[in-house]
């Protein structure tokens, strides 16, 4: 069954392995990751990412039983899927897939409805707050990792790749047999997150450990998994708010605040949509 012919909305067909096309991908060698968080820090500095949200982060887990324990790390980011669920769920086509494999955002089309956040099985999207230190930066729109599209087009690697002190992140064109990522794919055993979903992620891992990676069918068991994590957090953080339970909305108070915030932003967002629509129709 050929899946490369599928196309949804502004999404281009999958390009991995298609001759004459590019497919930018990232390989993360977990054997080299030391959990220094340089990648997350570099990303924050590159984009002015606000507190409380992340474009890329490092999941930390402990394996074994005392005294024979070790700490393992799992960098996470948008997977820039060949068949992204977020693209076909966005009602305004604010999120789209570039022909070279990047999954990107059009801030001027985003109405902050969070549909893509709910649809993303990798929990890789977040809503930017209404108040930003730099008023020129976007607000009340969904944001995510872009594989540093602006840097790649200049011949540079993403900020997280450049900052990785252990050389755990490798970036390049998977369709170029001479690229480092293609050579690694040819000789190393690599895994992706949630392969059962058929999204064909562009982020692959070497040396992965299923005890810290998501369960093989974690999308199906996601609610149970999140509830378990939430309850564990509550037991250890009495009085605090768990800020990452279901797409960043953990309590009824937060859900209510998000709802009224969204309702209050409708006039402004609607005017943006109408303006974009008028530009599209009349030029």
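Taken together, the values in this text are just the output of simple stated rules run on the coordinates, not laboratory data. As the structure is a computational prediction, the values presented were derived from the model and not from experiment. Note that we place each Cβ from the backbone using ideal geometry, even for glycine, and neighbour counts take in every protein chain shown.
Values as computed for the structure displayed
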read-out: Fewest-first sequence of 77, 128, 156 by Cβ atoms within 10 Å of each Cβ; value: 156, 128, 77
read-out: Relative contact order of segment 1-208, defined on C-alpha pairs under 8 angstrom at six or more residues apart (%); value: 29
read-out: Stokes-Einstein D (µm²/s) once Rh is taken as the Kirkwood radius of segment 35-124 over alpha-carbon pairs, at 37 °C in 0.692 mPa s; value: 216
read-out: Footprinting exposure proxy for 126, 80, 150 (fewest neighbouring C-beta atoms within 10 Å first); value: 150, 126, 80
read-out: From the C-alpha gyration tensor of segment 1-208, square roots of 5λ in Å; value: 26, 23, 17
read-out: Zone of residue 165's modelled label, taken as backbone nitrogen in segment 35-51 under 16 Å from a point 7 Å along Cα→Cβ; value: 35-43
read-out: Simple spin-label estimate for residue 149 and residue 123 in nanometres, 7 Å along Cα-Cβ; value: 2.6
read-out: Exposure proxy order (Cβ contacts within 10 Å, fewest to most) of 72, 28; value: 72, 28
read-out: Sites residue 34 and residue 186 - FRET efficiency at Förster radius 30 Å, r taken between beta-carbons, to 0.05; value: 0.70
read-out: Extended-chain gain in nm, criterion 0.36 nm per residue less alpha-carbon gap, residue 196 and residue 275; value: 24.5 nm
